[in-house]
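The values are calculated or read from the model by the stated rules, or taken from the named source; none is laboratory data. Every value quoted in this text rests on a predicted model; they were computed, and no experiment measured them. Counting neighbours? That spans all protein chains shown, and the Cβs are built from the backbone with ideal geometry, glycine included. Side chains are part of the model used for accessible areas, which takes the heavy atoms of the whole protein and leaves out ligands, DNA and RNA. Shrake-Rupley method; radii C 1.70, N 1.55, O 1.52, S 1.80 Å.
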Amino acid sequence: MQQQDPESSGQFALGQAAAAGDSSVEQAGRREAGGAANSEGEEEEGFDAELGTWLAGRLQRMQPDAELDSGSVRVLGRLLDELTARVLDEACRVNAASAACAAADAPADSSAEAGPAAHAGSSGAEHQAGCGHKLSTLTSLDIHKALKRVLPGEPSDGKLRPYLPSVTKQAWHLDKQSLKGIKRQKQAVAVDGAAAAATPPDLPPSQAECWEPKDPPGTPPDARTAWCRVSNLYLYQGTAYYVNAERRQLPTVQYGRPLLPKAVTPDAFRALLAPGADSQRVQRAYVMRSSVQGHGCSQELAYVNFGDGMTERITTLWMFLCQIMGHCSYADRSNLQLIDAVPRMCRPDDPPSGRDAYPAWYREVLSCISAQPVRHLNGSWREAVVRVDEAWLGLGPRCRSHYGHCHDGSRGKAAPTPRLLASWRDTLGACLGFPTAHAAPVDPVRIMIVDRAYESHRHLLNVNTLLRALRRRYSPQRVAVSLHYMEDLSVAEQFRLWAQQTVVVHVHGSNIGHWQGLPHGAVVIKIAPFKDTYTDAAYGNYLARDYGPVNNLTWIPLVNIDPNYLHKATEHRPLSDPRYKDFSDRDKLELLAANCGALQGEEKRKICERAIKFNMNLVVRPEALITRVDAAIQAAFAKQGRQPPADLLASTAGTAGAAAHAGGEPGLAADAGAEEAAAKAEGAVATAGLFLLARSRRWLMLLPGRRRHAPASPGLFGK
């Protein structure tokens with residue numbers, strides 16, 4: 001029998017004892033083996049009595065009527081020692097392809113995860129000759145493969161092969177149990193050790209100073225204006241605690257739902273803490289309301305709307321930081337921790353750290369406010385005791401929203417101020433690397449069309465036609481026209497691109513979040529895909545009102561009033577989708593025609609209107625866009641006290657850079673009939689082709705004769 005390291009054997013036995021798990025049997029085994037092995041007051045050298053104790057207990061449970069003596073226990077112990085040494089040697093050969101030969105006397109604790117085989121055979125000439133690695137490199141997979149080779153009659157699907165020797169059966173079963181036992185033992189030791197070493201945490205008492213401006217009568221609960229500055233706020237397991245012997249009750253602050261720090265005494269708070277709980281300390285933090293929607297516990301599932309986040313939530317957050325906390329510049333970012341208080345519902349198997357996952361753009365923008373990554377109240381800090389020296393909670397006296405409803409007089413809020421918005425714009429510029437003091441370029445004029453991917457919906461189906469129409473309209477020496485998509489750019493790249501433009505054309509959507517980054521005097525043409533689908537004036541008017549004093553922003557609406565220019569993307573949301581199960585064929589035709597008013601029933605009309613908002617792409621008439629771009633260029637020059645140059649327009653023949661408009665006023669006031677006619681002609685081809693192809697194909701599928709020829713097919717609308 002090989003000489004065994006007592007420390008290693010002890011660990012092996014402890015692991016096996018943990019695997020046995022039956023305390024009554026274990027005690028019986030101790031009595032039986034203790035009397036047998038120590039009756040003569042001797043212990044064989046190299047044999048661990050604790051291993052014998054466990055073996056006796058295990059055998060007593062497996063064979064209650066068996067007669068055990070010290071000799072039989074020692075024989076089985078030697079057999080297991082030899083067997084595990086062979087398994088270890090084979091496991092090393094299995095894993096022999098990775099590292100150079102290491103010393104045979106590796107510390108016993110480094111091989112704990114290798115299972116009982118590694119412990120039992122942790123020394124000896126066979127190990128030195130056969131093992132090509134440190135014991136710490138062995139994995140349970142190596143042990144598993146080695147067991148298959150050493151024990152050829154290995155169990156399959158829980159059944160032992162008939163010819164497998166009984167001793168081998170037991171050894172195989174014991175090894176599987178010991179792997180589980182060692183894992184449980186390590187967990188128990190870690191918990192017990194931490195509990196023994198833990199000392200009651202130092203809990204300086206919480207103190208608070210709160211402000212509760214008087215809200216108008218009837219103010220909704222989620223709009224109450226109250227905020228607090230708390231010294232020594234404690235966070236633990238998703239709850240904020242106000243720890244003080246006085247148990248002062250703080251005002252309720254709102255984050256979509258109330259966040260009320262729980263008032264407890266120091267002794268009561270200590271009683272809540274798990275033994276050995278980790279501790280964290282934060283100097284300064286703001287407990288914020290994030291823009292995350294949905295129930296995702298990962299970056300992929302979390303949804304944050306860029307337009308709403310940039311122009312509403314994050315702007316309101318910044319106004320609180322600057323006006324109330326004095327956090328007004330990019331240089332202050334190293335002194336602040338943001339803590340998200342909005343609940344995120346996770347699946348049972350999601351780790352708490354999943355609540356700290358946010359989309360990349362959201363993390364990038366918040367990094368302009370805080371140098372530390374945003375933490376969720378119930379996220380990766382959940383099991384730690386977090387003490388915040390200075391914590392701010394609540395909503396401030398100001399807010400910003402698309403419709404202005406957050407400060408309409410009934411909620412006690414005030415509108416944004418140019419100074420606060422300018423400080424936020426300057427902070428973004430310093431963080432993302434775009435200038436904030438320069439005027440929109442007019443030499444040359446820069447026009448950018450921002451499109452969306454087809455599958456994202458609200459895509460411009462004739463975007464290339466629009467691009468060519470504008471390039472034909474203006475001299476390339478005077479006007480540069482470009483087409484860009486934001487999806488593949490970082491937030492910094494997006495803002496740097498927008499900061500270089502004179503005129504930006506985009507369909508309503510998240511791109512409104514970029515307006516604050518436009519240079520002074522720039523003009524935006526926002527396309528509303530359908531009248532009253534989005535209140536076209538609400539977004540543009542309020543943004544222009546709020547940011548007009550900051551960057552002299554102007555916007556021009558382009559509203560589509562003809563449903564024939566909308567096309568439902570049936571490839572991504574087919575009409576066989578379950579949400580359309582109650583739609584008749586005629587209803588589906590009305591849906592394709594964006595004629596929601598013709599549908600019977602409020603629910604159908606709501607589904608149709610939602611489809612117009614989120615499942616439609618559109619065509620824009622080139623002549624309508626040209627008219628508005630002309631006005632935008634005029635406005636950009638006027639803001640700088642200049643007139644457009646006489647050679648701004650290209651010649652009617654399309655010669656690059658020519659200024660062939662005889663007579664009349666210079667620049668855009670010249671007759672553009674030829675250019676518009678050319679654009680109309682080209683746009684008509686694309687538009688009419690799309691309409692005729694799509695509509696005729698859909699209508700033909702509904703003809704009775706057509707459907708009779710293909711009875712097995714569900715057709716365009718499904719069954």
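Worth a mention:
- On full extension, the segment bounded by Ala271 and His520 gains 83.8 nm, given 0.36 nm per residue less the C-alpha separation.
- Asp350 paired with Ala384, simple spin-label distance in nm, labels 7 Å along Cα-to-beta-carbon: 2.1
- Ordering of 393-400, 86-93, 442-449 by packing [mean C-beta count within 10 Å, highest first]: 86-93, 393-400, 442-449
- Area of Arg270 that stays accessible when all protein chains are in place (1.4 Å probe, Å², to 10): 80
- Take each peptide in 328-338, 505-515, count the other Cβ atoms within 10 Å of every residue, and average; sorted highest first, the result is 505-515, 328-338.
- Here r is the Cβ-Cβ distance between Ala492 and Glu455 and R0 is 35 Å; the resulting FRET efficiency, rounded to 0.05, is 0.90.
- The apolar share of the surface of the range 383-459, taken as the fraction of accessible area on carbon and sulfur atoms (1.4 Å probe, ligands and nucleic acids excluded), comes to 53 percent.
- Close amide H partners of Ala646, meaning residues 5 or more places away or on another chain with modelled amide H under 5 Å apart, are Gly667.
- Computed over neighbours whose Cβ is under 12 Å from that of Ser490, the net charge equals -2, Lys and Arg +1, Asp and Glu -1.
- Listed values for the range 450-461 are Karplus-derived 3J(HN,Hα) couplings in whole Hz (6.51 cos²θ - 1.76 cosθ + 1.60, θ = phi - 60°), namely 9, 10, 10, 4, 4, 6, 7, 6, 6, 8, 7, 5, and x replaces Gly and Pro.
- With a Förster radius of 22 Å applied to the C-beta separation of Gln280 and Ala360, the computed FRET efficiency comes to 0.30.
- Inter-site label distance for Glu212 and Arg573 at 7 Å from Cα along Cβ, in nm: 4.5
- Where labels lie 7 Å past Cα in the beta-carbon direction, separation of Ala439 and Lys581 in nm: 6.2
- Between the beta carbons of Ala544 and Lys148, assuming R0 = 51 Å, the FRET efficiency works out to 0.10 to the nearest 0.05.
- Residues in the range 444-583 average 36 Å² of solvent-accessible surface per residue, probe 1.4 Å, ligands and nucleic acids excluded.
- Solvent-accessible area of Trp318 with every protein chain in place, 1.4 Å probe, in Å² to the nearest 10: 0
- Each Lys or Arg adds one and each Asp or Glu subtracts one; over the other residues with Cβ under 14 Å from the Cβ of Tyr236, this totals +4.
- Restricting the range 428-521 to GluC sites (Glu not before Pro) in coil, as DSSP defines it, with at most 13 other Cβ within 10 Å: Glu487
- Accessible surface of the range 541-601, 1.4 Å probe, proportion on carbon and sulfur as whole %: 47
- Once the Cα-Cα distance is subtracted from the 0.36 nm per residue extended length, the Glu82 to Lys613 segment shows a gain of 183.8 nm.
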